[in-house]
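Some notes on the structure that comes next.
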Amino acid sequence: MSQSTLSVYPRGWFVVAFSSEIAVGQAKQLAYWGEKLVAFRGEDGAIRVLDAYCAHMGADLAGGKVVGNDIQCPFTRGSIAAPASASRSLREKIPLKARQRVWTAREINGVILVWHDSAGGAPDFDIPVIAEYGSADWLPWSEFMYSIKTHPREIIENIADRGHFPAVHRTEVLDFSVTIDRHMATQYTKGFAKLPGGGVDNFASTTTYHGPGYLIMKMDGALQNYMLVAHTPIDTNSLHLRMGVMLRSSATRRRPRGTSPNTWRTSNRIRRRHQDLGKQALPRDSHLL
Ligand code: FES
Ligand SMILES: [Fe+2]
């Protein structure tokens, strides 16, 4: 049997699903921090997250029906009300049997996050909005998820690791610094990549961990893009790593005036290539695949 690598679950906001994973009226069972949860989307579009097993007799609520903004227990068809964004401290006010735990959840930037604190504390920081998310100029996330047996620290440590860029990301780094400010660790990088088809892409990126499980990178270069890296403990030995790559979409639409067809085709090729590289880059960081 493998040894536990995590002595305590970290505290913060963790992504438990991409928004696209749960449609209105759908419920989904989630397994994180050694517990079972159910997330469902009510008719108002808001996400609620509860303990998966009914406090009455243990029915799996993920098998229940979403009715309005509540979920029906599959054993009794009794409705379990869960106010959107209710905090755990509000759970006493929840009608049914009052003991059903409500997890503090938010949906932002195309992902569903749950606050986890083993000590039961309330959130004390927020996840910032990506202003470009959902705008017409940007593509939606290309979404990927990996199940990995590792300690989350193995992934987090990348934020301060300049040395792996040439070998792992095939980029040369000219400028590199990291700052730590409360719950945020931010890496500033400038460098260049030699493109496979010839030419050089000069880039500058700002990459911030907001707490121990949610990272956003903004990169400017030949292509503007955001990358999301979110990892959430399943248990003490494994985690889900979700990645998203979001690109400015102008290169994929009509060819801008003054841009030659060749340049336009090349920029689209780079975009596709970049998306593929983004998909591969992070798993390589931790020798995950
Ligand atoms: S198991 Fe009885 S109400 Fe859910
Ligand atoms: Fe890296």
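Which ranges mark the strands (runs of 3 or more DSSP E) fully within region 59-133 that have 3 or more residues being surrounded by 15 or more Cβ atoms within 10 Å (Cβ to Cβ) and modelled with pLDDT of 90 or more? Steps first, answer last, please.
Values: elements: 70-72, 105-108, 111-116.
Correct list: 105-108, 111-116.
For region 154-196, how many residues meet the condition of being closer than 14 Å to residue 210 by Cβ and within 12 Å of ligand 2 (Cβ to nearest atom)? Break it down stepwise before answering.
Just the residues of region 154-196 that are closer than 14 Å to residue 210 by Cβ, to begin with: 156, 159, 179-187.
Remaining after also requiring within 12 Å of ligand 2 (Cβ to nearest atom): 156, 159, 187.
Looking only at that region, the number is 3.
Residue under question is residue 32, and the condition is that it be closer than 19 Å to residue 145 by Cβ, at pLDDT 90 or above and more than 16 Å from ligand 1 (Cβ to nearest atom); does it hold?
Numbers: closer than 19 Å to residue 145 by Cβ: yes; at pLDDT 90 or above: yes; more than 16 Å from ligand 1 (Cβ to nearest atom): yes.
Answer is yes for this residue.
May I ask you to list the residues in region 135-186 that are of a type in the set (Phe, Trp, Tyr) and farther than 20 Å from residue 225 by Cα? So that I can check it myself, show each step before the final result.
Step one: list which residues in region 135-186 are of a type in the set (Phe, Trp, Tyr), which gives 138, 141, 144, 146, 165, 176.
Residue satisfying the conditions is 146 alone.
To keep it simple, each residue is scored yes or no on (1) of a type in the set (S, T, N, Q); (2) part of a loop (DSSP other than H, G, I, E, B).
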| position | (1), (2) |
| --- | --- |
| 150 | yes, yes |
| 156 | no, no |
| 162 | no, yes |
| 176 | no, no |
| 179 | yes, no |
| 187 | yes, no |
| 219 | no, no |
(request) Among residues belonging to region 147-164 that are buried (at least 17 other Cβ atoms within 10 Å of the Cβ) and of a type outside the set (Val, Ile, Thr), point out the one that is nearest to residue 13 (Cα to Cα). (result) 152
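For region 169-207: of the residues being β-branched (Val, Ile, Thr) and more than 14 Å from residue 221 (Cα to Cα), which is surrounded by the most Cβ atoms within 10 Å (Cβ to Cβ)?
Here is the first cut: in region 169-207, the residues β-branched (Val, Ile, Thr) are 171, 173, 178-180, 186, 189, 200, 206-207.
Those left that are additionally more than 14 Å from residue 221 (Cα to Cα): 178-180, 186, 207.
On the way: 178: 14, 179: 10, 180: 11, 186: 16, 207: 19.
So the residue we want is 207.
The values are calculated or read from the model by the stated rules, or taken from the named source; none is laboratory data. A quick note: this is a predicted structure, and the numbers were derived from the prediction, not measured. All Cβ positions, glycine included, derive from the backbone under ideal geometry; neighbour counts span all protein chains shown.
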